[in-house]
Amino acid sequence: MSHRRTPGPRSAVESADPARRTETDTERLDRLIQTAVAPLAGNLSPIALSLAFADWAWHLAASPGRQLELTTLAAQLASDTLHTPLHGAEDGAAPNGDPRFRAEAWGQWPFSLWRAAFNNAEAFWREAARVPGVSEHHTALVDFFARQYLDMMSPANRLLTNPVVLKNAIDSGGTALAQGWQNWLADATGVPTAEDIANQDRFVVGGNVAVTPGKVVYRNHLIELIRYAPQTDTVHPEPLLIVPSWIMKFYILDLSPHNSMVRYLVEQGHTVYMISWRNPDESDRELSMDNYLQMGVLDAIGAVGEDADAAQIHAMGYCLGGTLLAMAAAALARTEGVAGYAHLPALKTLSLLAAQVDFSEPGELGLFIDESQVNLLDHLTKGQGFLKGSQMAGSFQFLHSRDLVWTRRMREYLMGERDQGNDLMAWNADTTRLPARMHHEYLVALYLKNALAHGRYMVGDSSISMNDLELPIFMVGTERDHVSPWRSVYKLHHLTDAEITFVLTSGGHNAGIVSEPGHPRRRHQIATRPAHGRWLDADHWLQTAQRHEGSWWPAWQQWLATHSSAPVRARAIPANRAVCDAPGEYVMQRYAGD
């Protein structure tokens, strides 16, 4: 199979199943009704939410003893609130580390009373959400949405109950409120202010982000493959293929020059290749998980091997890109391999950053993924042909509504302070779409059925198993990850006997990965389990793994270098292999309304 660049894109459905059933009139009626109702519930399934609260309410109604416990707790917390000292017995320290109440003024009455009332309401609902007999999923939903309501009602969100906002309004002579009104009006009407326009132009793809020099050396309908130019006289002979998640633009790993992972690796003597995923449109609705595996990862592995003339390569995957890469590695490790891909270069190492292969405990993201919610999303995507980036971003905002919604609105509308933003925030706003068929397949197979961990995920005519992986693996989890909780990422230890070096780093799903050397307040833990080593659960690993200050990037780079052959002389990218300059064309694809 040739992996040279193609002169143009393939059909979007070239390898998709053509026998897709036509929607009936009754199914179309159901879809139209559900898609009309969905925006009223924030594109969440109102049925799923109703079932959760009904489960909780019926079990609570049948538990008078539990009702008595909660009544007693409510009375005690109310008494504690009313006995809040009038003058400064409480300092300004934020209870439970809540940054909303960090200012010293919150320790003064009456603000201390409102803060205490809010904190005690949170304490009550943490306990009230737990009623014997309610399913674990429903309990988590009740607890989560109780917190959402409380966050919305927080005294930090109101002018007259937030001492910081009140003081700012007085000190500014009301100009802060006037500016906040302008900010709100701009958001409500969709007409940006001059400041907003200036902020939008601060970070430009190919201008001051995604600027590491390179060339697109391969393109098909689904991916562009970027090869970055060498910046050292010698390089490690085994190139590194990076597979980012297809739910994000690749340049989170090539942001500004000072925090670009790609630039860092190239400067350390690695030949780096990067997949840039196509941003799909309605015609791509039939692209499947198999398409992403084959046209994405497997074709890229072949193209890297051919372009670099390499018999072995390193491969790294981030987020769902890591999940897809693990699938490809397991499929290639089978005795029969993958049909049509017999001559690919071997994978020498596998690096998985914030990537899950066991989805049994996906964290709070799992709250939005059950049969009812998937059914609603299927209706949305069937009509559109894809899931919009804005629709997906809304789910992630729910997970951090305190910081991404309420605190931000307080700062922008009450304090009059627009976020200036940074390169990571600009990247986060540059959303991408998901094809309808692939979106359904990955939610059902990975989240609902957990088929990959159970050895039931099919590639070709047979299933794949992580147990077939025998190559060295480097894994990274982040402490505050709401997408791929580190304990969930860690579960790969239970699925393979391969050597695993595991790193737990400070930060969240994105900021913990974009953690360049010199970044302030970064730390990590690291430990290696040898091949066929004994099982150590996540809590024991946390207690015993070595602790280090600073970025984890140097540890990973050294690990890659250790597993590479002796350096060879660097070669420039041949001009006849270049399709276009990096960062390519696919990363520039944007659609109105997303």
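Kindly check whether there is at least one residue in segment 152-169 that is hydrophobic (A, V, I, L, M, F, W, C), within 28 Å of the chain's Cα centre (by Cα) and surrounded by 15 or more Cβ atoms within 10 Å (Cβ to Cβ). Scanning segment 152-169, I find at least one residue that is hydrophobic (A, V, I, L, M, F, W, C), within 28 Å of the chain's Cα centre (by Cα) and surrounded by 15 or more Cβ atoms within 10 Å (Cβ to Cβ), so the answer is yes.
The condition of being surrounded by 20 or more Cβ atoms within 10 Å (Cβ to Cβ) and closer than 23 Å to Leu469 by Cβ holds for only one of Val587, Val489, that being Val489.
Checked against (1) crowded, with 20+ Cβ neighbours inside 10 Å; (2) part of a helix (DSSP H, G or I); (3) of a type in the set (A, V, I, L, M); (4) more than 18 Å from the chain's Cα centre (by Cα), Leu344 passes all but a single condition, namely (2). When segment 209-222 is filtered for residues that are over 19 Å from Pro345 (Cα atoms) and assigned to a strand (DSSP E or B), the ones remaining, listed by number, are Val209, Gly214, Lys215, Val216. Filtered by the rule that a residue be of a type outside the set (S, T, N, Q) and not in a helix (DSSP H, G or I), segment 278-297 gives Arg278, Pro280, Asp281, Arg285, Glu286, Leu287.
Close contacts from segment 511-540, counting a first residue that is on the phi > 0 side of the Ramachandran plot and surrounded by fewer than 13 Cβ atoms within 10 Å (Cβ to Cβ) and a second that is modelled with pLDDT of 95 or more and in a loop (DSSP other than H, G, I, E, B), with Cβ to Cβ under 7 Å and a gap of 6+ residues or different chains, come to His532/Asp497. If you go through segment 519-575 and pick out every residue that is among the charged types (D, E, K, R) and outside any strand (DSSP E or B), you end up with 6. Inspection of segment 145-155 finds a residue satisfying the criterion of being in a helix (DSSP H, G or I), aromatic (Phe, Trp, Tyr) and either touching a residue at least 24 places away in the same chain (Cβ under 8 Å) or not assigned by TED's automatic domain parsing to the domain that holds Phe118 (or both).
Pairing residues of segment 23-38 that are surrounded by fewer than 14 Cβ atoms within 10 Å (Cβ to Cβ) with residues that are of a type in the set (Asp, Glu), at Cβ distances under 7 Å and at least 6 apart in sequence or on separate chains, gives no pairs at all. When Asn576 is tested against (1) in contact (Cβ under 8 Å) with a residue 24 or more places away in the chain; (2) closer than 30 Å to Leu222 by Cα, exactly one condition is not met: (1).
Is it the case, given these coordinates, that Lys388 is modelled with pLDDT under 90 and within 20 Å of Val483 (Cβ to Cβ)? Yes; evaluated as a whole, the condition is true for this residue. Within segment 567-583, identify whether any single residue is modelled with pLDDT of 95 or more, over 20 Å from Ala326 (Cβ atoms) and under 23 Å from the mean Cα position of the chain (by Cα), and answer yes or no. For segment 567-583, residues modelled with pLDDT of 95 or more, over 20 Å from Ala326 (Cβ atoms) and under 23 Å from the mean Cα position of the chain (by Cα): present. Restricting attention to segment 57-81, the residues being part of a helix (DSSP H, G or I), among the small types (Gly, Ala, Ser) and surrounded by 12 or more Cβ atoms within 10 Å (Cβ to Cβ) number 3. When each of Leu255, Leu241 is tested for being under 25 Å from His509 (Cα atoms), part of a loop (DSSP other than H, G, I, E, B) and touching a helix residue (DSSP H, G or I) at 6+ places or on another chain (Cβ under 7 Å), the lone residue that passes is Leu255. Of the candidates Arg529, Arg521, the single residue that is assigned by TED's automatic domain parsing to the domain that holds His221 and under 26 Å from His258 (Cα atoms) is Arg521. Just give me the residues in segment 173-210 being of a type in the set (Phe, Trp, Tyr) and either without any contact (Cβ under 8 Å) to a residue 60 or more places away in the chain or farther than 25 Å from His258 by Cβ (or both), in sequence order. Correct list: Trp181, Trp184. Just so you know, in segment 203-253 the residues that are within 30 Å of Glu282 (Cβ to Cβ) and among the charged types (D, E, K, R) include one that is surrounded by the most Cβ atoms within 10 Å (Cβ to Cβ), and it is Lys249.
The condition (being of a type in the set (Asp, Glu) and modelled with pLDDT under 95) is satisfied by just one residue among Glu267, Glu224, Glu282, Glu238: Glu282.
Taking the criterion of being in contact with a strand residue (DSSP E or B) (Cβ under 7 Å, 6 or more places away or on another chain) and of a type in the set (Phe, Trp, Tyr), the only residue of segment 277-298 that qualifies is Trp277. Tallying residues that are at pLDDT 95 or above, assigned to a helix (DSSP H, G or I) and charged (D, E, K, R) within segment 127-142 yields 1.
Scanning segment 298-316 turns up no residue that is farther than 19 Å from Thr496 by Cβ, polar (S, T, N, Q), in contact (Cβ under 8 Å) with a residue 40 or more places away in the chain and assigned to a helix (DSSP H, G or I).
All but one of (1) of a type in the set (Val, Ile, Thr); (2) under 20 Å from His270 (Cβ atoms); (3) surrounded by 13 or more Cβ atoms within 10 Å (Cβ to Cβ) hold for Thr562; state the number of the condition that does not hold. Failing condition for Thr562: (3). Considering only segment 341-350, I want to know if a residue exists there that is touching a residue at least 60 places away in the same chain (Cβ under 8 Å) and among the small types (Gly, Ala, Ser). No, segment 341-350 contains no residue that is touching a residue at least 60 places away in the same chain (Cβ under 8 Å) and among the small types (Gly, Ala, Ser).
Counting the residues of segment 130-149 that are acidic (Asp, Glu) and more than 23 Å from the chain's Cα centre (by Cα) gives 1. For segment 492-518, the candidate set comprises residues that are part of a loop (DSSP other than H, G, I, E, B) and under 21 Å from the mean Cα position of the chain (by Cα); within that set, the residue that is farthest from His454 (Cα to Cα) is Glu516.
The values are calculated or read from the model by the stated rules, or taken from the named source; none is laboratory data. Quantities reported herein were computed from a predicted structural model and do not represent experimental measurements. Note that each Cβ is placed from the backbone with ideal geometry, even for glycine, and that neighbours are counted across all protein chains shown.
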